[in-house]
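Asks: A single structure is presented below for examination.
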């Protein structure tokens with residue numbers, strides 16, 4: 001894969017509730033799947049609390065390193081929702097009420113008979129120069145400023161925002177993957193797998209142990225953007241795994 | 001809470017499989033719960049890929065900032081397990097075979113009739129000066145060096161290692177929490193909640209929206225290490241929530 005084709009991303013998850021354990025994050029996995037599907041290499045994730053300087057520091061670190069940055073959480077109407085403030089600070093811009101965001105919210109509020117108040121209008125504050133990200137679920141928009149995409153923390157809204165974003169993102173070369181399952185442990189496969197990895201540096205080989213019900217299982221995952229090389233390497237890994245099972249006198253599981 | 005009583009932690013999750021979306025992380029939530037139970041303030045989480053310089057950089061950043069650092073992943077027997085190498089590099093120490101770790105592994109292998117080979121012996125490589133963390137599940141130990149605690153990525157093993165660690169960690173003042181449920185949206189509660197937060201700066205108030213089946217729900221979570229202040233603030237939040245329901249003509253849900 002040429003360095004030109006490599007598109008990277010960093011994800012910043014914002015919220016005390018994740019760090020306290022009260023809420024179990026599911027957005028990391030959803031953003032990871034989303035990036036993989038688009039050929040974007042999610043390279044780093046950070047989770048920080050609802051503290052302005054922590055958010056500013058993390059956003060500034062990530063936006064300099066990666067093609068895209070995604071953030072989740074902290075864009076609601078309460079005092080602990082400070083993501084928009086922190087992003088405006090990170091970019092050194094003002095945070096006025098955005099007329100388009102306000103119109104989106106007021107249209108929804110008119111439908112639902114919801115009162116316009118100061119807390120709700122916080123959700124229309126958008127950093128100067130940002131574009132809105134449509135929220136089809138609950139109207140309060142996210143926004144994009146520079147390479148940073150600010151989304152809600154509620155998973156269903158976050159996923160809707162990702163869908164809205166997808167056509168505007170440029171993916172890299174799609175990475176293909178193959179899985180080979182083994183009924184022998186990583187320790188048996190480690191030596192020959194390392195040798196095959198050295199032979200195929202352009203095919204990334206990962207080994208993932210699993211505790212099966214009765215026995216140890218291992219999944220070997222091969223990834224590459226070059227289909228022919230991936231297939232060739234996968235055949236060699238399969239042969240190596242079959243050989244390891246034969247030596248151990250164990251029937252191999254079905255390979256995918 | 002005095003600054004002396006504040007014990008903090010950073011967590012580093014290591015593994016391409018999390019960033020590709022192939023494996024959905026559950027260790028962040030488990031470490032978060034563990035820290036909360038011990039009165040340790042988990043302040044930051046990072047997820048990085050199996051790249052030595054990324055691990056070294058993240059570990060060095062986190063260990064300077066927090067009382068404790070925990071890492072998960074990358075201590076198995078295959079070529080992509082490079083956490084021990086990276087930690088040794090971060091601390092500038094050698095990575096020899098540790099006799100105690102080797103003895104633990106060989107005892108287990110003798111029981112299970114497992115062959116000793118080079119790949120498996122990788123798991124006995126422990127940075128110089130580190131203490132071992134016992135692995136009751138599969139024998140291969142984790143280790144502690146300085147304030148950094150290196151654990152397996154397989155969730156059942158990671159949790160067993162946390163249990164082994166618990167008696168050796170010093171917690172801060174236990175943070176208590178109370179939850180108040182509301183059947184009105186965050187936008188209705190945001191204004192009065194912000195006023196109560198200003199009145200009780202020592203009680204941290206968080207607001208978490210939920211999409212209920214039929215209507216919007218909000219959970220307000222109050223946290224403090226001062227039980228009397230927490231109870232007082234919770235009563236005020238409850239009264240505020242009841243008032244908001246009355247104004248909206250909605251029956252309040254049961255408060256916990």
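The values are calculated or read from the model by the stated rules, or taken from the named source; none is laboratory data. Quick caveat, the model's predicted, so the values are computed rather than measured. Cβ sites come from the backbone with ideal geometry, for glycine too, and all protein chains shown count toward neighbours.
Asks: Could you say which residue among B:8, B:71 is over 18 Å from residue A:186 (Cα atoms), at pLDDT 95 or above, away from every other protein chain (no Cβ under 11 Å) and in contact with a strand residue (DSSP E or B) (Cβ under 6 Å, 6 or more places away or on another chain)?
Replies: B:71
Asks: Moving on to the next point. From A:196, A:220, which residue is more than 28 Å from the chain's Cα centre (by Cα), at the interface with another protein chain (Cβ under 10 Å from one of its Cβ atoms) and surrounded by 18 or more Cβ atoms within 10 Å (Cβ to Cβ)?
Replies: A:196
Asks: Can I ask one more? Being within 11 Å of another protein chain (Cβ to nearest Cβ), farther than 29 Å from residue B:26 by Cα and crowded, with 18+ Cβ neighbours inside 10 Å narrows it down to one residue among B:187, B:153, B:113; which is it? Outline the logic, then answer.
Replies: Working: B:153 fails: farther than 29 Å from residue B:26 by Cα; B:113 fails: crowded, with 18+ Cβ neighbours inside 10 Å.
Selected residue: B:187, the only one of B:187, B:153, B:113 that is within 11 Å of another protein chain (Cβ to nearest Cβ), farther than 29 Å from residue B:26 by Cα and crowded, with 18+ Cβ neighbours inside 10 Å.
Asks: Ok, one more. May I ask you to say which residue of A:62, A:105, A:42 is within 30 Å of residue B:17 (Cα to Cα) and part of a helix (DSSP H, G or I)?
Replies: Sole residue among the options that is within 30 Å of residue B:17 (Cα to Cα) and part of a helix (DSSP H, G or I): A:62.
Asks: Applying the selection to region A:223-236, what residues are away from chain B (no Cβ under 14 Å) and within 26 Å of the chain's Cα centre (by Cα)?
Replies: A:226, A:227, A:230
Asks: What single numbered condition from (1) surrounded by fewer than 20 Cβ atoms within 10 Å (Cβ to Cβ); (2) at the interface with chain B (Cβ under 7 Å from one of its Cβ atoms); (3) under 12 Å from the mean Cα position of the chain (by Cα) fails to hold for residue A:21?
Replies: (3)
Asks: What's the number of the only condition in (1) free of Cβ contacts under 8 Å to residues at least 60 places away in the same chain; (2) over 22 Å from residue B:43 (Cβ atoms); (3) more than 11 Å from chain B (Cβ to nearest Cβ) that residue A:66 fails to meet?
Replies: All conditions are met except number (1).
Asks: While we're looking at this one, here's another question. Considering only residues that are at the interface with chain B (Cβ under 7 Å from one of its Cβ atoms), surrounded by fewer than 24 Cβ atoms within 10 Å (Cβ to Cβ) and without any contact (Cβ under 8 Å) to a residue 24 or more places away in the chain, which ones fall in region A:29-62?
Replies: A:29, A:33, listed by residue number.
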